[in-house]
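See below for the structure under consideration.
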Amino acid sequence: MKRNYILLTSLFMLFALQNYAQTIWDGPTITVTKESDADWTLEENQDRITDNVWLTRADTRGFFNIVLEDEFDNVNNTSPLDTEWAVGTTADIDDLTFLPWTDYVNNAPMSTINVASVLHLITDDIYIDYTLIAFQGGGPGGAFTYERSSDPALSISDVQDTSFSMYPNPTTSSITFPELTKEMSYEIFNVLGAQVATGTVQRNVPVSVSQLKNGIYFIRLDGSTTQKLIKR
């Protein structure tokens, strides 16, 4: 009986470790920018890091997570929800002290410009190297620029063309998938691994990519198969 108890306890601990293991994103560094007075409700002005965290900023105040809140919480200072922040790098993650964003910047966001930091996505348990480059203060506008590490799984060197059919490619406006047998989700990433578009696609139903700048992208179906896409 004792042996069975020890075995079950060991299996439980192993299961817990597997399910609560932290993830560090050490993929290519990407730059995220919102211009002054840009509409923060548009995807192009949000950093959609995961399904749980989309960072943006209104014309004033700090960052907030538009998945969970409509604006920066200037009363409780809990924005951005589902995140915490620390000065340092992911190389020293076990020694860092994580705080809500307002406490991390000590009510002075511009004091953290060029300071190596770590962003922790709490629900996803993902740690990301982050550096603020610019933060517009002193009046309306809400512009910002920061750099962060990305999901290493999206590194270009790991992307392989697969067999699903997509045309035309290159394209100037839209793409079509003639051989799908069911509706699928799609994600489009730029060459730095940043997600630039998402949605669902059906057989022979065009997907517009006219909003994308000309260049090379990668489109992933149902979170697995990936293929290069050229926008002209």
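Quick rundown of the values:
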| read-out | value |
| --- | --- |
| Length gained when the stretch Asp26-Thr50 is fully extended (0.36 nm per residue, less Cα-Cα span) | 7.1 nm |
| Those residues of segment 91-126 whose amide nitrogen sits under 11 Å from the label point placed on Asn77, 7 Å along Cα→Cβ | 100-108 |
| The chain, accessible surface, carbon-and-sulfur percent (1.4 angstrom probe) | 51 percent |
| The chain: calculated mean residue ellipticity at 222 nm from DSSP helix runs of at least 4, using -39500 (n - 2.57) | -3000 deg cm²/dmol |
| Distance (nanometres) between label positions extended 7 Å along Cα→Cβ at Ser208 and Thr172 | 1.7 nm |
| Of [x] 121; [y] 131; [z] 176, the label for volume of the Cα convex hull per residue in Å³ derived from the coordinates | [z] |
| Rounded if a/c under 1.5, otherwise prolate or oblate - segment 32-76, Cα gyration tensor axes | oblate |
| Selected from Tyr167, Tyr130, Tyr146 as most flexible by GNM, with the chain as the system and alpha-carbon contacts under 10 Å | Tyr167 |
| Proximal aspartates and glutamates relative to Lys231, as straight alpha-carbon distance under 20 Å, when same-chain residues fewer than 8 apart are discounted | Glu43, Glu44, Asp161, Glu187 |
| Cβ-Cβ FRET estimate between Ser165 and Asp222, R0 fixed at 22 Å, reported to 0.05 | 0.90 |
| In sequence order, calculated HN-Hα J values of segment 47-59 (Karplus, 6.51, -1.76, 1.60; Hz; x Gly/Pro) | 9, 7, 6, 9, 5, 9, 9, 10, 8, 7, 8, 7, 5 |
| By accessible area with a 1.4 Å probe, ligands and nucleic acids excluded, highest first: order of Ile188, Ile24 | Ile24, Ile188 |
| FRET E, pair Asp103, Ile230, Förster distance 35 Å, beta-carbon r, rounded to 0.05 | 0.20 |
| Mean separation of Cα contacts under 8 Å, 6 or more apart, over the residue count of segment 111-232: relative contact order % | 20 percent |
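The values are calculated or read from the model by the stated rules, or taken from the named source; none is laboratory data. Given the structure is predicted, the values throughout are model-derived calculations rather than measurements. Note that each Cβ is placed from the backbone with ideal geometry, even for glycine, and that neighbours are counted across all protein chains shown. Heads up: the accessible areas ignore ligands, DNA and RNA and are worked out on the full protein's heavy atoms, side chains in. Shrake-Rupley method; radii C 1.70, N 1.55, O 1.52, S 1.80 Å.
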